[in-house]
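J.: I am attaching a structure below and will ask some questions about it afterwards.
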Amino acid sequence: MKPKIKGVEEYIDEEQGGQSYIDLIQSFGGKKQKSRLKSALGNRITDQEVKTKVQIEQLLKEKFKGQEDTNPPRKDLPPYDQNATTCSKAYNIKKIIPNLLWPELLTQVLELNIKTKSDLDALTLSDEYPESVSPLFSEISIKADENKKNKMISVLLFQSYLIRFYKTFKNNMRGTIGYISSRLNIPKNITFNLLKLFTYRMEISERNFKYTMDKTNKVKLINYIIVVALVLSGYILDLTPLVADLSMNVEKILIFARSIGCQISKKTKKPKKNSGDLVEVRYFAKLLVPLEFPEFNKKSSGRRDK
């Protein structure tokens, strides 16, 4: 004799002849039993539905295969290619300097009227350029290809403006581009592009705006400066001059250097015996490719330091 009906769940397993009990309840069951049966049947998952769900999950896995660990592009860096296998392509200076600025910078290079080695040496001795930039003028060969030489000097000028912008721009400035340009002592067109890159703009009146640099944009500006310095140094950079230009302690600049994909090494120079000089310690940043960005929230101190 079959057991007494206790509930719908016991009678919808078709492998145990459940369909017969479903028919029985539908024909002779009370209102409560019929209601419970209807609810259970409505929530039942069929084999076809299971197959469809598995297929959907499989399609989604295939569609997003290889993207599970992909991080979104970092907004605090210059344009970069994380898959590049050469440093010059990982941080391409042609993309870092806005297209509209290259003609402006090349015009300024021509106005410098550099003809001899002495002209380059004069720029090295000038107080107009930052400590990390001025020595690099004298390293340019006067006999170098004209286009390459002009491009190199253009990058030096751009770096000078980045550092000047870092030093002179306050948390916020307001006024016309011409007024802010004169305050920063940076050409108008370059000021416009630097404001566009590193600040948020709020309109006060026609042609009169308030420009604000928040913490994120300040970090972005510092990263730009370090990356351009790497380009100028051939991707192995002595960080000591930048420490002075950015008025930043060594520990902090090392964090920035690591964050853009650099390996840090330290060189110690001991003083001559009885000279009274202090031990000289210099830190160097070497860009490694393909780019890897460390996660500083972990206990790891950074990437492959020596």
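What follows draws every value from the coordinates through simple rules; no lab data is involved. Just so it is clear, the structure is predicted and the values come from calculations on it, not from any experiment. Note that each Cβ is placed from the backbone with ideal geometry, even for glycine, and that neighbours are counted across all protein chains shown.
J.: For the pair residue 179 and residue 215, what calculated FRET efficiency results from E = 1/(1 + (r/R0)^6), where r is the Cβ-Cβ distance and R0 = 30 Å, to the nearest 0.05? Mind dumping the intermediate values first?
T.: On the way: r = 25 Å, r/R0 = 0.84.
Step by step, r from the Cβ atoms, then E = 0.75.
J.: Report the dimensions of segment 69-112 along its three principal axes from the alpha-carbon atoms, largest first, rounded to Å.
T.: 49, 21, 12
J.: While we're looking at this one, here's another question. Please give the contour-minus-distance gain from residue 118 to residue 208: 0.36 nm per residue of separation, less the Cα-Cα distance, rounded to one decimal in nm. If you can, show how the numbers build up before the last one.
T.: On the way: separation 90, 0.36 × 90 = 32.40 nm, distance 4.32 nm.
Using 0.36 nm per residue and subtracting the Cα-Cα distance, I get 28.1 nm.
J.: Still on this structure, please answer the following. For segment 118-162, just run the numbers: alpha carbon Rg, then divide by 2.2 N^0.38 Å, N being how many residues it has.
T.: On the way: Rg = 9.9 Å, N = 45, 2.2 N^0.38 = 9.3 Å.
Taking the Cα Rg and dividing by 2.2 N^0.38 Å, one obtains 1.06.
J.: Hey, what does the equivalent ellipsoid look like for segment 190-290, semi-axes from the Cα gyration tensor as sqrt of 5 times each eigenvalue, largest first, whole Å?
T.: Values: eigenvalues 257, 51, 23 Å².
Listed largest to smallest, the semi-axes of segment 190-290 are 36, 16, 11 Å.
J.: Which of the trypsin sites (Lys or Arg not before Pro) across segment 129-232 are loop residues per DSSP, with 16 or fewer other Cβ within 10 Å? Could the numbers behind the result be given before it?
T.: On the way: sites: 143, 148, 149, 151, 164, 167, 170, 174, 183, 188, 196, 201, 207, 210, 215, 218, 220; in loops: 143, 170, 207.
Taking segment 129-232 and a limit of 16 other Cβ atoms within 10 Å, the loop trypsin sites (Lys or Arg not before Pro) found are 143, 170, 207.
J.: Near residue 185, within a Cβ-to-Cβ distance under 10 Å, what is the net charge of the other residues, with Lys and Arg +1 and Asp and Glu -1? Provide the component values of the computation, followed by the final result.
T.: Details: positive: 164, 183; negative: 128.
Taking every other residue near residue 185 into account, the sum is +1.
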